[in-house]
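Read through the structure below, which is laid out as structure tokens, and then see the notes.
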Amino acid sequence: MVDRADSAAAAANENPHGGEADMLFSSARNQRMKAQRLLVRIVNARNKDVESYIEGPREDRRVNLTLPVWVVPLDGGRPRMADAFSTVTREVSASGMSLVVQQPFSPGEVIVSLRAEGQTLYLRGRIRHVDPLGAGIWHAGVDVAEVVEPVDFPELESLSF
């Protein structure tokens with residue numbers, strides 16, 4: 001006969017990091033939802049011709065919205081300020097945005113900085129694709145993962161609008 005304490009110990013030995021993994025997944029999901037709510041508020045505040053966005057995965061429509069932004073590539077999770085460049089968005093959705101860029105660059109992590117809600121905001125995301133539009137201009141798709149606090153990367157505050 002196996003008692004409950006032995007069963008719990010055996011389960012813990014099978015997956016010793018299960019609780020930690022669940023917490024990390026939950027934290028990443030919460031960060032993504034926070035970023036999505038921010039993007040929805042930005043679209044709703046700036047685009048009066050479209051009925052208000054509804055939060056949720058199935059309502060992830062793209063809206064043509066041009067906003068000036070700074071793009072800062074990340075290297076090992078740290079901003080490469082020397083490679084930062086300014087550009088504009090082409091479209092914005094609850095889960096990301098597309099950018100118009102003047103040179104192709106490799107997919108990877110970036111921080112996108114923009115002005116909205118009376119403040120400068122920072123979003124960490126991943127460049128998913130870079131496609132040519134023509135005439136030496138490219139379109140880059142950014143999948144936004146989280147809102148970044150400026151205290152985490154004080155060097156970002158040097159970006160000006």
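Things to note:
- Applying 1/(1 + (r/R0)^6) with r as the Cβ-Cβ distance of Gln102 and Ser27 and R0 = 35 angstrom yields a FRET efficiency of 0.45.
- Spin-label pair Arg126/Arg80, simplified geometry with 7 Å Cα→Cβ offset, distance in nm: 1.8
- The loop-placed GluC sites (Glu not before Pro) in the stretch 89-135, going by DSSP, that have at most 11 neighbouring Cβ atoms within 10 Å of their Cβ come out as Glu117.
- Extent along principal axes [Cα atoms of the stretch 42-158; Å; largest to smallest]: 39, 37, 23
- Ser160 versus Ile137: modelled label distance in nm, points set 7 Å from Cα along the beta carbon direction: 2.7
- The amide H of Leu67, built 1.01 Å from its N in the peptide plane, has Thr89 as neighbours under 5 Å, considering only residues 5 or more places off or on other chains.
The numbers here are math on the coordinates, done by the rules we state, and not lab data. Given the structure is predicted, the values throughout are model-derived calculations rather than measurements. Quick reminder, even Gly has a Cβ in these numbers, built from the backbone with ideal geometry, and neighbours come from all protein chains shown.
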